Amino acid sequence: MGKKGKGMAAVAVAGLALAVAGLAYFAATGRGNGSANLVEVQSLAVSPASPAGPALYPGGSSDVSATVHNSNSFTVHVHAFALDTGEPSDGITNDAPGCTSGGNTGSSASSVTFNGPVTNGSGDFVFPPGDTTLTLPNALSMSTTAENACQGATFTVYLQASA
């Protein structure tokens, strides 16, 4: 066999050795064990909210501030917050006799309404474990036709996480 033939034979043997090694590597079998634990996800607890900043006045709006408690051991993401209309007065109460409040924007019977649901722009609200202060900008409005009794009243807003 000439030099050229020996070189070709060496290349063929090397190629065959690589093919056998690759087959042995990819054809191997094995065993393993794994485990996972599931945790029960707890709901977020949202404290009753109140206007943050200056008092509401006819035609004005106010931020709403609440504390959100995450009792989970992991961060929870929420897309939006809405008025919890299952609470008294459709989710907004006040301490002033003669002041009607409650409901979402557009509720004709209310002097004070919630401007929601409120999102966090293009992202979610993020709540790590523990307590976090939530502030929703311009979330509460007083109509220009609000009763005089509503001026200077203390309002409580009940919120819930929503999709």
* Residue list for the range 36-81, filter: within 18 Å of the chain's Cα centre (by Cα) and β-branched (Val, Ile, Thr) -> VAL41, VAL46, VAL64, THR67, VAL68, THR75, VAL76, VAL78
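Filter the range 112-163 for residues that are part of a strand (DSSP E or B), hydroxyl-bearing (Ser, Thr, Tyr) and either modelled with pLDDT of 90 or more or under 30 Å from SER73 (Cβ atoms) (or both) and give the result. It would help to see each step written out before you state the result.
Step one: filter the range 112-163 for residues part of a strand (DSSP E or B), giving 112-114, 118-120, 123, 125-127, 130-142, 155-157, 159-162.
With hydroxyl-bearing (Ser, Thr, Tyr) added as a condition, the list becomes 113, 119, 132-133, 135, 141, 156, 162.
Selection gives THR119, THR132, THR133, THR135, SER141, THR156, SER162.
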* To do: Six or more apart or on different chains, Cβ under 6 Å: which pairs go from a residue in the range 150-162 that's over 8 Å from ASP95 (Cβ atoms) to one that's open to solvent by 60 Å² or more (accessible area, probe 1.4 Å)? Could you list them?
  => THR156/PRO48; TYR158/PRO48; TYR158/GLU87; SER162/PRO117
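Looking at the range 27-43, can you tell me whether even one residue there is in a loop (DSSP other than H, G, I, E, B) and at pLDDT 85 or above?
Within the range 27-43, one or more residues are in a loop (DSSP other than H, G, I, E, B) and at pLDDT 85 or above.
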* Structure fact -> Within the range 138-152, of all residues that are among the aliphatic types (A, V, I, L, M) and crowded, with 22+ Cβ neighbours inside 10 Å, the one nearest to the chain's Cα centre (by Cα) is ALA139
* Has the range 44-57 got any residue that is closer than 26 Å to SER111 by Cβ, open to solvent by less than 30 Å² (accessible area, probe 1.4 Å) and among the aromatic types (Phe, Trp, Tyr)? -> no
* **Matching residues, the range 59-99, being in contact (Cβ under 8 Å) with a residue 40 or more places away in the chain and touching a helix residue (DSSP H, G or I) at 6+ places or on another chain (Cβ under 8 Å)** => LEU83, ASP84, ASN94, ALA96, PRO97, GLY98, CYS99
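Considering GLY15, GLY86, GLY5, GLY22, which residue is modelled with pLDDT under 95 and part of a loop (DSSP other than H, G, I, E, B)?
Details: GLY15 fails: part of a loop (DSSP other than H, G, I, E, B); GLY5 fails: part of a loop (DSSP other than H, G, I, E, B); GLY22 fails: part of a loop (DSSP other than H, G, I, E, B).
Among GLY15, GLY86, GLY5, GLY22, only GLY86 is modelled with pLDDT under 95 and part of a loop (DSSP other than H, G, I, E, B).
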* **Top-ranked residue of the range 94-111 - restricted to ones that are crowded, with 20+ Cβ neighbours inside 10 Å and not in a loop (DSSP other than H, G, I, E, B), ranked as modelled with the highest pLDDT** => ASN94
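Yes or no: ASP124 surrounded by fewer than 19 Cβ atoms within 10 Å (Cβ to Cβ) and over 15 Å from SER50 (Cβ atoms)?
On the way: surrounded by fewer than 19 Cβ atoms within 10 Å (Cβ to Cβ): yes; over 15 Å from SER50 (Cβ atoms): yes.
For ASP124, the condition - surrounded by fewer than 19 Cβ atoms within 10 Å (Cβ to Cβ) and over 15 Å from SER50 (Cβ atoms) - is met.
The values are calculated or read from the model by the stated rules, or taken from the named source; none is laboratory data. In this text, all values refer to a predicted model and were calculated from it rather than measured experimentally. Using ideal geometry, Cβ is built from the backbone for each residue, glycine included, and neighbour counts are taken over all protein chains shown. Heavy atoms of the whole protein, side chains included, go into the accessibility calculation; ligands, DNA and RNA do not. Shrake-Rupley method; radii C 1.70, N 1.55, O 1.52, S 1.80 Å.
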